[in-house]
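Here is the structure we will look at.
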Amino acid sequence: MPLPPHTHTTQPPLQDRFGRQVTYVRLSITDRCDLRCVYCMHEDMRFLPRNQLLTLEETARLGRCFSELGVTRFRITGGEPLMRRNALWLFEQLGAQPGIEDLSLTTNGTQLARFAQSLKDAGVTRVNISLDSLQPQRFRRITRLGDIGKTLSGIEAAMRAGFRRIKLNAVILKHRNHDEVLDLTGFAIERGLDISFIEEMPLGLIGEHDRAEAFYPSDAIRAQLESRFELVPTIESTGGPSKYYRIVGEETRVGFISPHSHNFCADCNRVRVTAEGRLLLCLGQAYSADLRRSLRAHPTDDQRVKEAMVAAMDLKPRGHAFELGGTPVLVRHMNMTGG
Ligand code: SAM
Ligand code: SF4
């Protein structure tokens with residue numbers, strides 16, 4: 001039966017069984033990447049055939065449908081989103097969509113020197129840039145293919161372009177980069193950037209290290225930081241799962257994304273769409289709905305696509321099920337979902 005048209009006086013249209021309203025969508029626009037970070041990908045990754053990906057027009061259509069259902073924030077991610085040809089066109093479309101308050105990007109920064117200003121002009125408000133090490137050789141080992149110079153130039157270009165916020169993301173692994181927590185934070189402070197430290201999540205088989213052995217908890221990172229800085233918890237939120245602290249006397253906020261040590265599910269307001277158009281209701285669980293099928297079955301009828309989105313809300317689980325040493329979510333790597 002068709003759903004009644006949404007009005008804001010009734011139950012919010014994208015509300016799940018636990019009363020959480022979805023206002024934030026992460027769209028992955030490619031599973032490909034120019035890097036092969038050890039925690040994210042296997043060295044020999046097979047990528048999706050191109051015809052299985054949503055076209056950028058289809059992704060823009062999803063953006064329009066979501067925003068008509070009350071979504072106000074989008075983050076574009078991947079894989080490496082800036083590796084997708086014509087990605088800028090999508091940013092322009094979403095940036096011009098009425099009702100969007102926040103359009104952001106997660107990137108490894110390698111292409112930012114080229115694109116930062118155009119992204120800003122297209123309406124991108126915030127950029128997250130992954131940076132796990134400041135040491136060129138170590139950066140190369142963690143990313144397998146990366147040249148730190150490109151990422152650092154990307155960060156500078158983003159700073160020049162004047163985004164509302166720039167945040168660095170660092171996945172911290174024991175014995176790989178846990179000794180760089182203070183240096184990375186110092187780098188962020190010198191530039192007035194935010195930084196989030198991320199616990200590794202068990203998504204996909206990666207081959208290179210045992211995830212349980214490499215686990216480095218957020219509490220240990222915080223203890224390192226507190227040896228040098230005074231941290232004050234803040235209730236500010238960027239709509240994501242980070243818990244934020246302010247560093248007293250500095251612009252920089254430090255975030256911790258801690259799926260293992262601190263459960264962040266209770267106020268989860270987000271869903272994700274993979275590059276193939278699968279709507280994922282939770283990063284750590286396999287529940288999903290096939291939006292590509294709805295898009296292609298109803299090429300001119302947005303209402304049917306919106307119905308599929310609303311119906312999928314019932315699949316959103318109460319929380320993720322990450323377990324150290326437990327079975328990884330084998331069905332996908334992080335480059336499928338975009339973090
Ligand atoms: N390529 C872009 C980048 O690296 O920023 C965007 C996609 S990447 C999958 C998004 C974020 O997920 C990055 O900050 C990356 O460090 C993080 N990430 C990747 N695999 C992860 C894992 N297994 N656990 C936790 N974070 C992960
Ligand atoms: Fe690529 Fe980002 Fe995954 Fe690294 S974390 S391999 S940059 S998608």
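Here are some notes:
- Segment Asp290-Arg165, extension gain: residue separation times 0.36 nm, minus the distance between their alpha carbons: 41.7 nm
- Contour minus Cα-Cα distance for Thr234 and Arg114 (0.36 nm per residue): 39.8 nm
- Each residue, Ser227 and Arg191, gets one label point 7 Å from its Cα in the Cβ direction; the gap between the two is 2.5 nm.
- Positive contributions from Lys and Arg (+1) and negative ones from Asp and Glu (-1), summed over other residues with Cβ under 13 Å from the Cβ of Gln224, come out at -2.
- Here the peptides 67-76, 226-235 are ranked by packing, the mean other Cβ count within 10 Å, and the order with the highest first is 67-76, 226-235.
- By accessible area with a 1.4 Å probe, ligands and nucleic acids excluded, highest first: order of Arg304, Arg160: Arg160, Arg304
- Gyration tensor verdict on segment 24-71 (Cα atoms; rounded if a/c is under 1.5, prolate if a/b is larger than b/c, oblate otherwise): oblate
- Packing, taken as the mean count of other beta carbons within 10 Å per residue, orders the peptides 293-300, 145-152, 42-49, 87-94 from highest to lowest as 87-94, 145-152, 293-300, 42-49.
- Pairwise label distance in nanometres, Leu145 with Glu43, each label 7 Å out on the Cα-Cβ vector: 1.4
- Rg of the Cα atoms in segment 99-200, relative to 2.2 N^0.38 Å, amounts to 1.06.
- Phi-derived couplings, Karplus 6.51 cos²θ - 1.76 cosθ + 1.60 at θ = phi - 60°, listed residue by residue for segment 112-118: 6, 4, 7, 10, 3, 5, 5 Hz, with x used for Gly and Pro.
The values are calculated or read from the model by the stated rules, or taken from the named source; none is laboratory data. Computed from a predicted structure; not experimentally measured. Here Cβ is always computed from backbone atoms with ideal geometry, including for glycine, and neighbour counts include all displayed protein chains. Note: accessible area is taken over every heavy atom of the protein model, side chains too, but ligands, DNA and RNA are not part of it. Shrake-Rupley method; radii C 1.70, N 1.55, O 1.52, S 1.80 Å.
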